[in-house]
Amino acid sequence: MRILLIGPPGAGKGTQAVRLASYLSIEHISTGDLFREHIDQGTELGQSARPHMRAGLLVPDEVTIGVIEERLARPDTERGFLLDGFPRNLAQAEALDGILADSQLPLDAVLVLEIPEARVVRRIAGRRLCRRDREHVFHVDHSPPEVAGACDVCGGELYQRDDDREATVRKRLEVYRSETAPVVEHYQAQGLVTAISALGHVQEVLDRALVAIGHGQVDTSGTSSC
Ligand code: AP5
C-alpha cells in the first residue's frame, strides 16, 4: 500500500506511522526524521535544513522534494510506503503526484489525524525521543519510560527536540494551518482522504486508522493512555 499520513505537529503521526508501517510491512518515510539524520551527520543538507526547522518553518521545497524523490527511488519502497510529514504544501503535493504518475504507482489512501491544538501543545511538551533510534518515542505522562531519561527498547538517552519549545510549536501550527491544510483539500478532490480522530489511546487511534484503510481491527491490548 502507498499511504500519506497528514496531521498537525504532535498529532501522533510518527507514533502511528511506525505501527502502521510495521503492521502492513511497508516503509515508513518521515521527512522530519530524514532531516534530523542529516543534521546529526553534519551534512550540507542538514546544515541548510536546520535553521528552518529551528524556526518552525518549512524546509525549502527544492531541498525537500529532492530528498523524497531520492528516497522513493530506492527498491525497498516497491512493496509500499507510508509518507509521514510529506507533502506539506501544494507544491510538494503536485511534485509527489508527478513522481507517482511517472512510476505508475498511485496512492491508496490519505489519512488525516484530527486533534484540537491545545492537545498537541501538551503532547509535544512531554515528548521525549531516543538518541539512538528516533522511532522510539515516549511521553513523560502518557507513555513514560520505565527508567527516567532512558529508552525502554535500547537504553539510549532520551532527549527533547529543539523545535519543541512552545513558541516554535505555535509557529509550526500556524504553518500547518496556512500551508498544509490546502494539501488535505487537494487529496479530498481526488477522493483519497479519510479523517480520523487522533484522540484516545494510541491503540484506539491505530484501530481507527486500520479500519480507514480497510484492514479492520487488531489486538487492543497494550494501550497507552492519553
Ligand atoms: P516533523 O518531524 O514531521 O514534525 P511534525 O509534523 O511537526 O510532527 P511531530 O513529529 O512534532 O509530531 P507527530 O505528529 O509525529 O507526533 P508524535 O507521534 O511524535 O517535522 C519537523 C520539521 O521538519 C518541520 O517543522 C519542518 O521544518 C521540517 N519538515 C519536515 N517535513 C517537511 C516537509 N515535507 N517540507 C518542509 N519541511 C519539512 O507524538 C507526539 C507526542 O504525543 C509523543 O510524545 C507521543 O508519545 C505522544 N502521543 C502520540 N499519540 C498519542 C496518543 N494517542 N495519546 C497520548 N499521547 C500520544
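Which of the residues belonging to region 123-149 are surrounded by fewer than 16 Cβ atoms within 10 Å (Cβ to Cβ) and at negative phi? Across region 123-149, the qualifying residues are ARG131, ARG132, ASP133, VAL140, ASP141, PRO144, GLU146, VAL147, ALA148. Of all the residues in region 140-181, those that are in a helix (DSSP H, G or I) and either of a type outside the set (Ser, Thr, Tyr) or more than 19 Å from the chain's Cα centre (by Cα) (or both) number 12.
Over 14 Å from LEU129 (Cβ atoms) and outside any helix (DSSP H, G or I) - does that describe any residue in region 182-190? Give the steps one after another, and end with the answer.
Step one: filter region 182-190 for residues over 14 Å from LEU129 (Cβ atoms), giving 182-190.
Now drop any that are not outside any helix (DSSP H, G or I), which leaves 189-190.
Taking every residue of region 182-190 in turn, at least one turns out to be over 14 Å from LEU129 (Cβ atoms) and outside any helix (DSSP H, G or I).
Checking each residue in region 36-54 for being within 8 Å of the ligand (Cβ to nearest atom) and touching a His at 6+ places or on another chain (Cβ under 9 Å) picks out only ALA49.
If you scan region 191-210, which residues turn out to be aliphatic (A, V, I, L, M) and part of a helix (DSSP H, G or I)? Reasoning before the result, please.
Taking region 191-210 and keeping what is aliphatic (A, V, I, L, M), we get 192-193, 195-196, 198-199, 202, 205-206, 209-210.
VAL202, VAL205, LEU206, ALA209, LEU210, listed by residue number.
None of ASP108, ASP102, ASP97 is modelled with pLDDT under 95 and more than 15 Å from the chain's Cα centre (by Cα) except ASP102.
Scanning region 8-29 for residues being in contact (Cβ under 8 Å) with a residue 60 or more places away in the chain and at negative phi gives a total of 15.
The values are calculated or read from the model by the stated rules, or taken from the named source; none is laboratory data. Predicted model, so just to flag it, every value in this text is computed and none were measured. Neighbour counts are summed over all protein chains in view; Cβ atoms, including those assigned to glycine, are modelled from backbone coordinates with ideal geometry.
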